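The values are calculated or read from the model by the stated rules, or taken from the named source; none is laboratory data. Only a predicted model underlies this, so the values are computations on that prediction, with no experimental measurement involved. No Cβ is skipped: glycine too gets one built from the backbone with ideal geometry, and neighbour counts run over all protein chains shown. Heavy atoms of the whole protein, side chains included, go into the accessibility calculation; ligands, DNA and RNA do not. Shrake-Rupley method; radii C 1.70, N 1.55, O 1.52, S 1.80 Å.
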Amino acid sequence: MELSSKGLRLIAQFEACVWETYPDGDNMAWGFGHNDPELRPHMKISFKDAITLLREDIKSRVADVNKLLKVSVTQGQFDAFVSLYYQKGNTYAPIAADAMNDAATGLAASMWPYFARNAKREWKKGLRDRRLREQKVFLTDDYGDVSWFQVWHHGPVNRPPDEIYHPREDEF
(Lines give C-alpha, C1' and ligand atoms only; values in the text may rest on other atoms or scores of the structure.)
Protein backbone atom coordinates (compact mmCIF):
# COMPACT_ATOMS: atom_id res chain seq x y z
CA MET A 1 0.00 0.00 0.00
CA GLU A 2 0.97 3.63 -0.32
CA LEU A 3 0.40 6.53 2.06
CA SER A 4 -2.62 8.57 0.99
CA SER A 5 -2.55 12.31 0.34
CA LYS A 6 -4.55 12.80 3.54
CA GLY A 7 -2.05 10.63 5.41
CA LEU A 8 0.84 12.75 4.13
CA ARG A 9 -0.94 15.94 5.19
CA LEU A 10 -1.74 14.42 8.59
CA ILE A 11 1.94 13.66 9.22
CA ALA A 12 2.92 17.15 8.00
CA GLN A 13 0.41 18.62 10.43
CA PHE A 14 1.77 16.55 13.33
CA GLU A 15 5.38 17.35 12.53
CA ALA A 16 4.89 21.03 11.59
CA CYS A 17 7.51 22.72 9.43
CA VAL A 18 10.60 24.57 10.59
CA TRP A 19 12.48 26.63 7.99
CA GLU A 20 15.74 26.81 9.98
CA THR A 21 17.73 23.97 11.53
CA TYR A 22 17.17 23.23 15.21
CA PRO A 23 18.62 20.71 17.69
CA ASP A 24 16.72 17.41 17.67
CA GLY A 25 18.32 14.68 19.75
CA ASP A 26 21.87 13.98 18.66
CA ASN A 27 21.50 15.87 15.35
CA MET A 28 19.97 18.95 13.80
CA ALA A 29 16.64 18.82 11.99
CA TRP A 30 14.60 21.04 9.68
CA GLY A 31 11.55 20.93 7.47
CA PHE A 32 9.03 18.36 8.69
CA GLY A 33 11.35 16.76 11.24
CA HIS A 34 14.07 15.68 8.81
CA ASN A 35 16.97 14.74 11.09
CA ASP A 36 20.46 14.66 9.56
CA PRO A 37 24.00 14.58 11.05
CA GLU A 38 25.21 16.78 8.16
CA LEU A 39 22.98 19.70 9.13
CA ARG A 40 24.50 22.68 10.94
CA PRO A 41 22.92 25.54 12.92
CA HIS A 42 21.22 28.37 11.01
CA MET A 43 20.79 26.49 7.73
CA LYS A 44 17.50 27.29 5.97
CA ILE A 45 15.24 25.16 3.80
CA SER A 46 12.55 26.12 1.28
CA PHE A 47 9.00 24.82 1.54
CA LYS A 48 9.46 22.89 -1.72
CA ASP A 49 12.61 21.18 -0.41
CA ALA A 50 10.94 20.47 2.95
CA ILE A 51 8.08 18.66 1.15
CA THR A 52 10.58 16.74 -0.99
CA LEU A 53 12.46 15.58 2.13
CA LEU A 54 9.20 14.64 3.86
CA ARG A 55 8.22 12.48 0.89
CA GLU A 56 11.68 10.85 0.83
CA ASP A 57 11.63 10.21 4.59
CA ILE A 58 8.19 8.63 4.34
CA LYS A 59 9.19 6.20 1.58
CA SER A 60 11.26 4.03 3.92
CA ARG A 61 8.56 4.14 6.62
CA VAL A 62 5.92 3.04 4.09
CA ALA A 63 8.15 0.15 3.02
CA ASP A 64 8.71 -0.86 6.64
CA VAL A 65 4.98 -0.75 7.47
CA ASN A 66 4.24 -2.84 4.38
CA LYS A 67 6.70 -5.45 5.72
CA LEU A 68 5.16 -5.35 9.20
CA LEU A 69 1.56 -5.83 8.07
CA LYS A 70 0.76 -9.30 6.74
CA VAL A 71 -3.00 -8.71 6.44
CA SER A 72 -5.18 -6.37 4.42
CA VAL A 73 -5.96 -3.07 6.14
CA THR A 74 -8.02 -0.01 5.29
CA GLN A 75 -6.34 3.14 4.00
CA GLY A 76 -6.96 4.83 7.34
CA GLN A 77 -5.39 1.94 9.24
CA PHE A 78 -2.34 1.99 6.96
CA ASP A 79 -1.95 5.77 7.23
CA ALA A 80 -2.24 5.57 11.03
CA PHE A 81 0.50 2.92 11.10
CA VAL A 82 2.79 5.02 8.90
CA SER A 83 2.21 8.07 11.11
CA LEU A 84 2.97 6.02 14.23
CA TYR A 85 6.09 4.57 12.63
CA TYR A 86 7.24 7.92 11.21
CA GLN A 87 8.70 9.07 14.50
CA LYS A 88 12.27 7.88 14.80
CA GLY A 89 12.90 5.61 17.71
CA ASN A 90 9.27 4.48 17.77
CA THR A 91 9.15 0.83 18.76
CA TYR A 92 5.38 0.58 18.97
CA ALA A 93 4.29 -0.04 15.37
CA PRO A 94 5.59 -3.65 15.38
CA ILE A 95 3.56 -4.39 18.53
CA ALA A 96 0.33 -3.07 16.98
CA ALA A 97 1.14 -4.81 13.68
CA ASP A 98 1.49 -8.15 15.49
CA ALA A 99 -2.02 -7.66 16.88
CA MET A 100 -3.36 -6.80 13.42
CA ASN A 101 -1.63 -9.82 11.89
CA ASP A 102 -3.29 -12.00 14.55
CA ALA A 103 -6.73 -10.66 13.51
CA ALA A 104 -7.01 -8.60 16.70
CA THR A 105 -7.95 -5.27 15.13
CA GLY A 106 -9.70 -4.07 18.29
CA LEU A 107 -6.64 -4.84 20.39
CA ALA A 108 -4.38 -3.02 17.92
CA ALA A 109 -6.67 0.03 17.98
CA SER A 110 -6.83 0.05 21.77
CA MET A 111 -3.02 0.24 21.99
CA TRP A 112 -2.65 3.65 20.34
CA PRO A 113 -3.11 5.85 23.45
CA TYR A 114 -0.47 3.82 25.29
CA PHE A 115 2.14 4.66 22.64
CA ALA A 116 2.45 8.26 23.88
CA ARG A 117 6.08 7.95 24.93
CA ASN A 118 9.13 9.44 23.27
CA ALA A 119 12.39 7.63 22.45
CA LYS A 120 13.46 8.12 26.10
CA ARG A 121 10.22 6.36 27.19
CA GLU A 122 8.86 9.58 28.73
CA TRP A 123 5.07 10.06 28.55
CA LYS A 124 4.17 13.22 26.61
CA LYS A 125 0.75 14.89 26.35
CA GLY A 126 1.49 16.05 22.80
CA LEU A 127 2.24 12.49 21.76
CA ARG A 128 -0.95 11.29 23.45
CA ASP A 129 -2.96 13.85 21.46
CA ARG A 130 -1.25 12.64 18.28
CA ARG A 131 -1.88 8.99 19.15
CA LEU A 132 -5.58 9.67 19.84
CA ARG A 133 -5.93 11.35 16.46
CA GLU A 134 -4.11 8.47 14.75
CA GLN A 135 -6.42 6.08 16.58
CA LYS A 136 -9.44 7.96 15.20
CA VAL A 137 -8.03 7.67 11.67
CA PHE A 138 -7.37 3.97 12.30
CA LEU A 139 -10.92 3.33 13.50
CA THR A 140 -12.98 5.65 11.29
CA ASP A 141 -10.88 6.89 8.32
CA ASP A 142 -11.70 10.39 9.62
CA TYR A 143 -8.57 12.54 9.28
CA GLY A 144 -10.17 15.78 10.39
CA ASP A 145 -9.06 19.04 8.78
CA VAL A 146 -5.64 18.40 7.23
CA SER A 147 -5.60 21.52 5.05
CA TRP A 148 -3.06 23.39 7.19
CA PHE A 149 0.07 22.99 9.28
CA GLN A 150 2.12 25.09 11.65
CA VAL A 151 5.31 26.86 10.58
CA TRP A 152 8.21 28.11 12.65
CA HIS A 153 10.76 30.29 10.88
CA HIS A 154 13.29 29.37 13.57
CA GLY A 155 13.41 26.41 15.95
CA PRO A 156 10.19 25.43 17.77
CA VAL A 157 11.12 26.49 21.29
CA ASN A 158 8.00 26.42 23.48
CA ARG A 159 6.28 29.27 21.71
CA PRO A 160 3.37 29.55 19.31
CA PRO A 161 4.10 28.96 15.63
CA ASP A 162 5.03 31.91 13.43
CA GLU A 163 2.22 31.12 11.01
CA ILE A 164 -0.41 28.63 9.98
CA TYR A 165 0.17 27.63 6.37
CA HIS A 166 -2.56 26.42 4.01
CA PRO A 167 -0.72 24.84 1.05
CA ARG A 168 -2.36 24.70 -2.33
CA GLU A 169 -3.12 21.23 -3.65
CA ASP A 170 -0.33 21.53 -6.24
CA GLU A 171 2.19 22.46 -3.54
CA PHE A 172 1.72 19.27 -1.61
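Overview of values
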read-out: Test result for Ile11, under 24 Å from Gln150 (Cα atoms) and either outside any loop (DSSP other than H, G, I, E, B) or of a type in the set (Phe, Trp, Tyr) (or both); value: yes
read-out: Restricting the range 102-117 to residues that are in contact with a helix residue (DSSP H, G or I) (Cβ under 8 Å, 6 or more places away or on another chain) and open to solvent by less than 40 Å² (accessible area, probe 1.4 Å), the residue that is farthest from Gln77 (Cα to Cα); value: Ala116
read-out: Among the candidates Tyr143, Tyr165, residue that is aromatic (Phe, Trp, Tyr) and open to solvent by 50 Å² or more (accessible area, probe 1.4 Å); value: Tyr165
read-out: Number of the exception - Ile58 against (1) part of a loop (DSSP other than H, G, I, E, B); (2) closer than 25 Å to His166 by Cα; (3) open to solvent by less than 60 Å² (accessible area, probe 1.4 Å); value: (1)
read-out: Test result for Val82, closer than 25 Å to Ala108 by Cβ and either open to solvent by less than 20 Å² (accessible area, probe 1.4 Å) or touching a residue at least 40 places away in the same chain (Cβ under 8 Å) (or both); value: yes
read-out: Candidates Ala50, Ala80, filtered to the one that is more than 25 Å from Lys136 (Cβ to Cβ) and part of a helix (DSSP H, G or I); value: Ala50
